[in-house]
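Working notes for the structure below.
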Amino acid sequence: QVQLVESGGGLVQAGDSLRLSCTASGVTFSTTTAGWFRQAPGKEREFVATINWSGAGTSYTDSVKGRFTISRDNAKNTVYLQMNSLKPEDTAVYYCTLRTSILKRDYWGQGTQVTVSS
């Protein structure tokens with residue numbers, strides 16, 4: 001069975017930094033596309049960032065460009081989201097996701113809460 005375990009969320013003040021981690025098991029991690037989504041109360045889940053299998057190709061939603069960095073360590077089966085200069089509007093539950101290369105099946109983590117106070 002595929003498991004994605006997320007960590008690193010918490011309560012911080014505006015301007016602070018956090019690093020989220022997502023470690024996968026039960027899947028060939030090095031051939032997947034990985035990404036992060038987030039969902040704030042009363043809002044739809046939205047795309048945050050994605051990274052290809054090698055780590056060379058990344059993309060971000062406009063609101064986090066220049067502040068967030070997605071990366072991966074295939075030897076550790078882990079994808080990261082470094083979040084700098086956090087704003088109250090970044091407050092949400094953050095979800096890690098993987099998409100496999102051939103069948104393009106999606107897997108999701110359980111979510112980790114990020115709260116940014118003003």
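The values are calculated or read from the model by the stated rules, or taken from the named source; none is laboratory data. Just so it is clear, the structure is predicted and the values come from calculations on it, not from any experiment. When we count neighbours, we look across all protein chains shown, and the Cβ atoms used for this are built from the backbone with ideal geometry, even at glycine. With ligands, DNA and RNA removed, areas are computed over all heavy atoms of the protein, side chains included. Shrake-Rupley method; radii C 1.70, N 1.55, O 1.52, S 1.80 Å.
For the range 32-53, a tally of residues being in contact with a strand residue (DSSP E or B) (Cβ under 9 Å, 6 or more places away or on another chain), of a type in the set (Gly, Ala, Ser) and farther than 19 Å from LEU20 by Cβ returns 0.
Every residue, every condition in (1) out of contact with any helix residue (DSSP H, G or I) (no Cβ under 7 Å at 6 or more places or on another chain); (2) open to solvent by 70 Å² or more (accessible area, probe 1.4 Å); (3) within 24 Å of GLN13 (Cα to Cα), yes or no:
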residue: GLY55; (1), (2), (3): yes, no, no
residue: VAL64; (1), (2), (3): yes, no, yes
residue: ARG67; (1), (2), (3): yes, no, yes
residue: ILE70; (1), (2), (3): yes, no, yes
residue: ALA75; (1), (2), (3): yes, yes, no
residue: THR78; (1), (2), (3): yes, no, no
residue: PRO88; (1), (2), (3): yes, no, yes
residue: CYS96; (1), (2), (3): yes, no, yes
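Among the residues making up the range 98-111, those that are in contact with a Ser or Thr (Cβ under 9 Å, 6 or more places away or on another chain) and open to solvent by less than 20 Å² (accessible area, probe 1.4 Å) are LEU98, GLY109. If you go through the range 33-71 and keep only what is at pLDDT below 95 and in contact with a Lys or Arg (Cβ under 6 Å, 6 or more places away or on another chain), you end up with just GLY55. Listed by position, the strands (runs of 3 or more DSSP E) inside the range 70-118 whose residues that are of a type in the set (A, V, I, L, M, F, W, C) and under 21 Å from GLY55 (Cβ atoms) number at least 2 are 78-83, 92-99.
Taking the range 1-16 as the range and being in contact (Cβ under 8 Å) with a residue 40 or more places away in the chain, open to solvent by 30 Å² or more (accessible area, probe 1.4 Å), closer than 25 Å to ARG105 by Cβ and outside any loop (DSSP other than H, G, I, E, B) as the test, the residues that pass are VAL5, SER7.
Within the range 7-47, the set of residues being among the hydroxyl-bearing types (Ser, Thr, Tyr) and under 17 Å from ILE70 (Cα atoms) comprises SER7, SER17, SER21, THR23, SER30, THR31, THR32, THR33. Each residue in the range 29-60 was checked for being among the hydroxyl-bearing types (Ser, Thr, Tyr) and under 13 Å from the mean Cα position of the chain (by Cα), and 5 pass.
What number goes with the only condition from (1) over 15 Å from VAL2 (Cβ atoms); (2) touching a Ser or Thr at 6+ places or on another chain (Cβ under 9 Å) that LYS65 does not pass? LYS65 satisfies all of (1) over 15 Å from VAL2 (Cβ atoms); (2) touching a Ser or Thr at 6+ places or on another chain (Cβ under 9 Å) except (2). Checking each residue of the range 17-31 against the condition of being assigned to a loop (DSSP other than H, G, I, E, B), surrounded by 13 or more Cβ atoms within 10 Å (Cβ to Cβ), hydrophobic (A, V, I, L, M, F, W, C) and modelled with pLDDT of 95 or more gives no match.
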